[in-house]
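A short worksheet on the structure shown next.
Every read-out reported here was derived from the displayed coordinates using simple, explicitly stated rules and does not represent laboratory data. If you're wondering where the values come from, they're calculated on a predicted model, not measured in any experiment. Please note: Cβ atoms are built from the backbone with ideal geometry, for glycine as well, and neighbour counts cover all protein chains shown.
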Amino acid sequence: MDQVKIGRFIAACRKAGGWTQSEIAAQLGVSDKAVSKWETGKSLPDYPLLLPLCSLLKITLNELLLAERISDAEYKEKSDQILYDMIGQWLGQDQALPQRKRNHSCPVLNVSHVRKIYTEEEVKTLAVDDVSFEVEKGSFIGIMGASGCGKTTLLKLIATMDRVSEGTIEIAGQPLQALTEPQLAQFRGTHLGFIFQEYNLLDTLTLRENIALALAIRSTAPAHSQKFIEELAEKFEIAEVLDQFPYAVSGGQRQRCACARAIASHPSLILADEPTGALDSRSARQLLEMLVMLRRDYGATLLMATHDVMSASYCDRILFMRDGRIQTELERSSLSKQAYFTEILKTLTDVTERAVHGA
């Protein structure tokens, strides 16, 4: 999108409608200066103002974003162009990635025929139904699905926070069902890293101390710990707030601290449950790029549950869940982010249509 071109279009439509900048500002509850900035291309209207502005100027949202009038004959083509441009701006215009080779010989995670049944007052609920898949070392895998599809339950089973009803889960070659509760707690501390939607940082500890806690579990020497923590803080752009408490920093900084904590102990697998859910779009994109950095620079293996298409487009491979089952999967391979995003949308539509028609 061309911000300057949009500004000129707003000015032209305003004048054609007989509005002054002050009148538009009064109608939208903003300052005259804000409208002036829009028309000179210095800024764009905030998202909640887009539709009211279009209504005043008697234009469609697509016409505003494209900065030109759209005829009925051009509508479909122009709308697709706008969507593709917006995807490109959000994701970045990257080149196609080199194709990753799948290594089935020694997966970090092996989920085999897993079922989870909850029983309450003699009513049985099948939350996860015969799920099987593998996650190779150094990969970034997404699990997508609507609320209630079973993805969070599946993540809890893998995180050792609940036990399977049937089937097996192995992490780094260790069958989880063979471990006692104390052994599971120890295994969780040494082999798993976690990134939650609500951060799960300890409010009584500084960001530095929250990261140090993960290292203490692995009995890392204090001198080495401090040096490593400072290196991580630089990587995750939280060095300036490292000695602040979680409540004193932004949501994005808290989530980046959670990422640093997750990788600090060099876990076999990092589990992320809707990690961008509480973030604005800018912070979400920054976090996702850092998750990719974890894989690239630290060799981390990540499994992320999400319902967000933008977040999923950062993954190497996506498993689509519905009614407790994996319905299909999609690999990025050599696709660009934009092409991959489009394929994710198509796959979600297909899964949804099959659900509607009972397939």
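Worth a mention:
- Most fluctuating residue given options Phe341, Phe236, Phe133, as computed from a GNM of the chain linking Cα atoms under 10 Å: Phe133
- Under 20 Å from the Cα of Lys116 - aspartates and glutamates, other chains or at least 8 residues apart: Asp129, Asp130, Glu134, Asp162, Glu166, Glu170, Glu181, Asp273, Asp323
- Counting only DSSP beta bridges whose two residues both lie in the chain, roughly 55 percent are antiparallel.
- Taken over the chain, the alpha-carbon convex hull comes to 192 cubic angstrom per residue.
- If R0 is taken as 30 Å, the Cβ-Cβ distance between Arg163 and Asp308 corresponds to a FRET efficiency of 0.55.
- Scanning the chain for GluC sites (Glu not before Pro) lying in DSSP loops with no more than 10 further Cβ atoms inside 10 Å, the longest uninterrupted stretch between such sites is 123-359.
- Binning all Cα-Cα separations of region 238-309 at 10 Å, short to long from zero, yields these whole-percent fractions: 18, 53, 28, 1.
- Springs join every pair of Cα atoms under 10 Å in this Gaussian network model of the chain, and among Thr180, Thr206, Thr328 the largest mean-square fluctuation is at Thr180.
- For the chain, a Gaussian network of Cα nodes joined below 10 Å ranks Ala260, Ala216, Ala26 by mean-square fluctuation, and the top entry is Ala26.
- Per-q log10 I(q)/I(0), region 1-41, q = 0.35 Å⁻¹ (Debye; single scatterer per alpha-carbon; no solvent): -1.14
- Shown for Met310, Met144, Met161: other C-beta atoms within 10 Å of each C-beta, ranked fewest to most, produce the order Met161, Met310, Met144.
- Length, then width, then depth: along the principal axes, the Cα atoms of region 200-359 run 59, 30, 29 Å.
- Under 16 Å from the Cα of Lys42 - lysines, other chains or at least 8 residues apart: Lys5, Lys33
- Normalised radius of gyration (Cα atoms, divided by 2.2 N^0.38 Å) for region 314-359: 1.20.
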